[in-house]
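Asker: Quick one: structure below, then a few questions.
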Amino acid sequence: MLFNTFVFLLFFLIVYSVFLCFGWFAKKQKWAYRAQNLWLLFASYFFYGWWEWFFLTLILISTIIDYVAARSIESSQNQMFRRIYLAVSIFANLGLLFTMKYYDFFAVNLVDSWNQIAIWFGGSMATDSSTYLLKNIVLPVGISFYTFQTMSYTIDVYRQQIKAEKDFFDFALFVNFFPQLVAGPIERAQDLLPQLKAPKFPTIDGVQKGLYDILLGYFMKVYVADNLATYVDQVFFAGKSFYTQNPTIIQSMDGSQVFAGGFLFMTQIYCDFAGYSFIALGISRLLGVTLTVNFETPEFSKTPTEFWNRWHVTLNRWFRDYIYISLGGSKYGKFAQYRNLCVIFFLSGLWHGANWTFITWGCLQGLYTMIYLIFFAKKKEDLGDKTIDSSISISSKLSQILTGTLSRILVLTLIAFSAVAFRSYDANMMFVYFQKSLSVWTWDFSPNNNVKNMFGLWEEYFKISLPLLILDGITYFKKERYWIFLTHPLIQAFVLSFMAFLILTRGVFGKEVIYFAF
């Protein structure tokens with residue numbers, strides 16, 4: 001069930017009506033609080049089962065294993081047994097994730113290798129019909145998100161940072177809470193569980209902010225992202241099957257189009273993922289639960305480190321807390337710090353999929369970050385320590401504005417360049433597009449009749465994205481997500497009405513979220 005469909009609207013209206021009825025009595029009557037949580041749990045299972053009811057067994061298995069493992073870890077006084085229980089939880093979760101997410105990739109390569117060996121020895125190759133089940137395991141929606149969330153819970157219990165949850169149904173709701181189930185944010189138990197265990201009823205402030213988050217999310221998803229998708233698909237093609245059937249078609253693309261396509265895709269995936277996250281945040285606020293903000297205007301970042309502090313915040317926090325710090329972080333010198341950064345960026349790429357395109361993307365992010373930390377971060381700190389005399393501040397401010405603008409353009413360019421790898425279907429397409437981006441552009445603006453030239457792509461980019469860039473720019477520089485409510489009522493009415501108008505008149509509804517593939 002997608003947030004951007006009519007069926008979800010109907011689903012949420014029913015769920016919310018019953019939720020409010022229970023919530024009205026929940027603060028005074030214990031049965032109402034229990035009924036509220038059980039109702040949300042039922043709704044969450046129904047929401048997830050809408051795609052495929054069989055996948056409910058996977059999330060239920062993960063829930064039971066981590067519930068039992070955490071209780072066992074807490075009750076055991078023997079350190080060896082505690083480690084065994086933790087290992088069971090980690091291996092079970094990673095086993096499910098590996099099987100569902102990476103098995104198909106390795107199975108395809110296994111079949112290809114088998115066929116090559118069969119040719120060498122004169123045997124018969126495996127046919128598609130004989131390997132159909134081997135090569136066709138469907139990826140359950142959101143498995144990477146809820147797997148990481150439940151793993152963080154058992155690790156935190158093992159580290160004695162939180163107590164194991166005794167109520168199975170409350171824990172199941174923590175794992176399955178439908179607003180953030182399929183696309184995050186990846187919540188920590190210490191943040192989310194106490195809210196779920198408390199009686200829930202929305203406040204006026206929560207409803208106001210929640211409705212704004214939902215409006216902003218739909219604006220980013222159905223207006224910006226799904227309109228940009230049309231032009232991104234001109235450069236990178238709408239489906240892999242079209243590319244595999246016409247592998248030489250990538251040769252007709254000009255480097256200028258690939259360059260513009262990388263920028264369009266970077267903005268598309270940001271608005272697609274962040275928009276869905278904001279809808280989840282808003283829906284959750286209406287339910288009286290506050291989730292973590294997963295994206296904080298990353299397109300205005302001046303450095304790679306700032307970008308990754310603002311992009312997919314909860315995933316980066318997960319890698320920091322459970323991988324980077326476990327490896328020693330920066331405690332053992334610069335070399336160890338850079339090694340650990342490379343590890344988490346490599347794993348970040350692998351988290352997105354077993355494909356050299358994702359691994360290359362992750363390694364490029366690590367390279368950008370290391371170059372910044374080695375050559376520029378210290379200089380920036382030194383400059384930041386100096387005070388500027390107000391009498392000469394005009395020229396200094398102009399210099400800062402120019403430097404900041406160029407830094408932001410450079411960071412966006414680097415991220416857009418790596419986005420070419422992320423969007424490519426295989427290593428061959430990635431290398432061809434990288435070569436075209438870095439080679440002298442032919443400036444042949446019509447190599448393919450179905451693709452706009454570079455200026456046409458940039459025109460569409462700014463026509464679609466400019467309103468969002470203005471909104472995000474104000475949010476970034478004001479350092480206030482809900483700045484709209486601090487403005488004059490007429491400004492509020494204009495901005496909110498304009499966003500709603502674009503959603504209703506130019507929104508594209510029903511398209512899936514890109515990150516459902518991860």
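The values are calculated or read from the model by the stated rules, or taken from the named source; none is laboratory data. Please read these numbers as outputs of a predicted model, since none were measured by experiment. All Cβ positions, glycine included, derive from the backbone under ideal geometry; neighbour counts span all protein chains shown.
Residue by residue, here is whether (1) modelled with pLDDT of 90 or more; (2) outside the structural domain of Met100 (by TED's automatic domain parsing); (3) within 25 Å of Arg285 (Cβ to Cβ) holds:
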| residue | (1), (2), (3) |
| --- | --- |
| Ser17 | yes, no, yes |
| Ala32 | no, no, yes |
| Phe42 | yes, no, yes |
| Phe47 | yes, no, yes |
| Glu52 | no, no, no |
| Leu58 | no, no, no |
| Tyr67 | yes, no, no |
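Asker: Here is a follow-up. For segment 70-90, state whether one or more residues are touching a residue at least 60 places away in the same chain (Cβ under 8 Å), of a type outside the set (Ser, Thr, Tyr) and either outside the structural domain of Ala164 (by TED's automatic domain parsing) or not in a helix (DSSP H, G or I) (or both).
Answerer: No, every residue in segment 70-90 fails to be touching a residue at least 60 places away in the same chain (Cβ under 8 Å), of a type outside the set (Ser, Thr, Tyr) and either outside the structural domain of Ala164 (by TED's automatic domain parsing) or not in a helix (DSSP H, G or I) (or both).
Okay, residues lined up against (1) farther than 28 Å from Phe455 by Cα; (2) surrounded by fewer than 24 Cβ atoms within 10 Å (Cβ to Cβ):
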| site | (1), (2) |
| --- | --- |
| Lys221 | no, no |
| Val235 | no, no |
| Ala238 | no, yes |
| Tyr243 | no, yes |
| Ile249 | no, yes |
| Phe259 | no, yes |
| Gly282 | yes, no |
| Thr305 | yes, yes |
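Asker: On the basis of being surrounded by fewer than 19 Cβ atoms within 10 Å (Cβ to Cβ), modelled with pLDDT of 90 or more and over 22 Å from Phe12 (Cβ atoms), does Gln161 make the cut? Step through it out loud before you land on a result.
Answerer: Values: surrounded by fewer than 19 Cβ atoms within 10 Å (Cβ to Cβ): yes; modelled with pLDDT of 90 or more: yes; over 22 Å from Phe12 (Cβ atoms): yes.
So Gln161 passes the test.
Asker: For Trp24, are the conditions met, namely being more than 23 Å from Leu181 (Cβ to Cβ) and either under 24 Å from the mean Cα position of the chain (by Cα) or aromatic (Phe, Trp, Tyr) (or both)? First the steps, then the outcome.
Answerer: Values: more than 23 Å from Leu181 (Cβ to Cβ): yes; either under 24 Å from the mean Cα position of the chain (by Cα) or aromatic (Phe, Trp, Tyr) (or both): yes.
Yes; evaluated as a whole, the condition is true for this residue.
Asker: Oh, and also: If the requirement is being touching an Asp or Glu at 6+ places or on another chain (Cβ under 8 Å) and without any contact (Cβ under 8 Å) to a residue 40 or more places away in the chain, which of these qualifies: Phe242, Phe174?
Answerer: Working: Phe242 fails: touching an Asp or Glu at 6+ places or on another chain (Cβ under 8 Å).
None of the others qualify; the one that does is Phe174.
Asker: Please work out if Leu38 is of a type outside the set (Phe, Trp, Tyr), in contact (Cβ under 8 Å) with a residue 40 or more places away in the chain and buried (at least 17 other Cβ atoms within 10 Å of the Cβ). Reasoning before the result, please.
Answerer: Working: of a type outside the set (Phe, Trp, Tyr): yes; in contact (Cβ under 8 Å) with a residue 40 or more places away in the chain: yes; buried (at least 17 other Cβ atoms within 10 Å of the Cβ): no.
So Leu38 does not fit the description; no.
Asker: If you don't mind, there's one more thing I want to ask. So, of the residues in segment 499-511 that are farther than 18 Å from Gly282 by Cβ and surrounded by 13 or more Cβ atoms within 10 Å (Cβ to Cβ), which turns out to be farthest from the chain's Cα centre (by Cα)? Before the answer, list the steps.
Answerer: So in segment 499-511, the residues farther than 18 Å from Gly282 by Cβ come out as 501, 505-506, 508, 510-511.
Now drop any that are not surrounded by 13 or more Cβ atoms within 10 Å (Cβ to Cβ), which leaves 506, 508, 511.
Details: Arg506: 24, Val508: 20, Lys511: 16 Å.
Across segment 499-511, the extreme among qualifying residues is Arg506.
Asker: Keeping to segment 175-205, report how many residues are more than 29 Å from Trp51 (Cβ to Cβ) and part of a helix (DSSP H, G or I).
Answerer: 4
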